[in-house]
Amino acid sequence: MNTNRIVSPQYPHVTVITITRKRLTTLSRAIASVESQDYQGQLSHLILVDDCYETQLFLEEIQHYKSHLKFLYCTRNHKDKSGPVRLARLRNQSVFKVISPWVCFLDDDNEFEQNHISSLMSCALTTGKQAIYCHRRIYNFDGTPFLEQYWPWSRTITDGLHKYKQFCDLGMIEPGSNVFRDRIDLTVGSSVMQVDTNVWLLNTELLRKYPIPETFTKHDWEQNLAEDDKMLYNFVKLGIEMICNNEITVKYYLGGYSNNFDVNVNYQSDIWEL
C-alpha cells in the first residue's frame with residue numbers, strides 16, 4: 001500500500017474484491033493498482049483464489065509485507081467450471097467475508113487509475129446513492145488501445161458492428177477513441193444496460209440483500225450475458241437508484257472469458273461453461 005497515503009476516519013472503509021485463477025502476471029499489476037490509490041479512507045484488498053496452488057504460494061509470500069491484503073483459497077469440485085456461474089457464486093461469497101461498508105470489484109487482468117476509489121466515493125457521499133459507477137478505457141491484451149470499430153463482446157461480427165454503431169449513436173463510444181462510457185439507458189427503443197463489474201462502487205449491505213443471480217441458461221450464454229449483466233438487470237428490476245460519476249478511472253484489458261471465444265464456432269468453450 002502507498003505509504004504516503006493519509007488515512008482519514010471521515011471516509012468509509014472500502015474493500016476491493018478480486019477473483020483470480022492462473023494469472024500471476026496480471027494479478028500483480030492489479031494488486032499494484034490498488035496499492036497506488038489516493039483514497040484517504042481505509043482500504044483493503046480481498047483476493048479469492050479459485051483453486052490455483054501457484055497463486056496461493058505467491059500470495060502467501062507477499063501478504064507478509066502487505067497488511068491491507070488478505071486472500072481466501074476456494075477449492076473446486078468436479079462440477080465447478082469457469083464462467084459466470086462460478087464468478088457469481090464467488091463474488092457473492094466474498095461480499096459476506098468483508099467487514100467494510102463499501103466494496104468494489106477488480107478483475108485480475110484489469111487496473112484502477114489512481115483516483116478510482118476516491119472519485120467514486122466522492123460521488124457516493126455527495127449523492128447518497130448506494131450504487132455508483134464510472135467509465136473505462138479499453139485495451140488489447142498487449143496493452144495497446146482497442147480502436148477497432150466493432151463491439152468485442154459480441155459473438156458474431158454482424159452483432160459486433162451493429163452494437164458499435166448503436167453505442168456510437170448514443171454517445172457511449174467515439175470512433176478513434178478507446179474510451180467506453182458505461183451507461184444505463186432505459187429509453188424505449190434503445191434500452192441499453194451496459195455497466196461492467198470493474199466500474200462499480202457498491203454498498204455492501206445492498207449486495208448482501210440482493211446478491212448476484214447464480215442461475216444461467218443456454219440463452220444467457222448465447223447472448224453473452226455475464227454476472228455483471230445479471231446484477232444490473234436485478235438492480236433495475238428492484239428500482240435501485242444508480243448514478244455515474246462520469247470519470248474514466250478503469251483500464252479494461254480484453255482477453256477475459258467474456259470476449260475470448262471463436263465467433264465462427266457455436267459451442268460452449270472452456271473459457272465459459274454452463
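The values are calculated or read from the model by the stated rules, or taken from the named source; none is laboratory data. Every value quoted in this text rests on a predicted model; they were computed, and no experiment measured them. Positions of Cβ are generated from backbone atoms using ideal geometry, with glycine treated the same way; all protein chains shown enter the neighbour counts.
Specify the residue that is surrounded by the most Cβ atoms within 10 Å (Cβ to Cβ); the eligible residues are those in region 60-91 that are within 28 Å of His13 (Cα to Cα) and of a type in the set (Gly, Ala, Ser).
Here the residue is Ala88.
The combined condition, being within 17 Å of the chain's Cα centre (by Cα) and either over 24 Å from Glu214 (Cβ atoms) or in a helix (DSSP H, G or I) (or both), is not fulfilled by Leu125.
Please find, within region 229-270, the residue that is surrounded by the fewest Cβ atoms within 10 Å (Cβ to Cβ) out of those that are among the polar types (S, T, N, Q) and at pLDDT 85 or above. Per the criteria, the residue is Asn246.
Entry remark, region 219-228: residues being surrounded by fewer than 22 Cβ atoms within 10 Å (Cβ to Cβ) and part of a helix (DSSP H, G or I) number 4 in total. Once region 110-131 is narrowed to residues that are charged (D, E, K, R) and surrounded by fewer than 21 Cβ atoms within 10 Å (Cβ to Cβ), the residue that is farthest from Ile184 (Cα to Cα) is Glu113. A single member of Ile117, Ile99 is more than 26 Å from Asn246 (Cα to Cα), modelled with pLDDT of 95 or more and hydrophobic (A, V, I, L, M, F, W, C), and it is Ile99.
Screening the candidates Glu205, Glu273 for the property of being more than 14 Å from the chain's Cα centre (by Cα), surrounded by 12 or more Cβ atoms within 10 Å (Cβ to Cβ) and at pLDDT 95 or above yields one hit, Glu205.
Looking across region 136-154, the residues that are part of a loop (DSSP other than H, G, I, E, B), among the aromatic types (Phe, Trp, Tyr), surrounded by 15 or more Cβ atoms within 10 Å (Cβ to Cβ) and touching a residue at least 60 places away in the same chain (Cβ under 8 Å) come down to Phe146, Trp153.
Of everything listed in (1) part of a helix (DSSP H, G or I); (2) surrounded by fewer than 21 Cβ atoms within 10 Å (Cβ to Cβ); (3) of a type in the set (Gly, Ala, Ser), the single unmet condition for Ser94 is (2).
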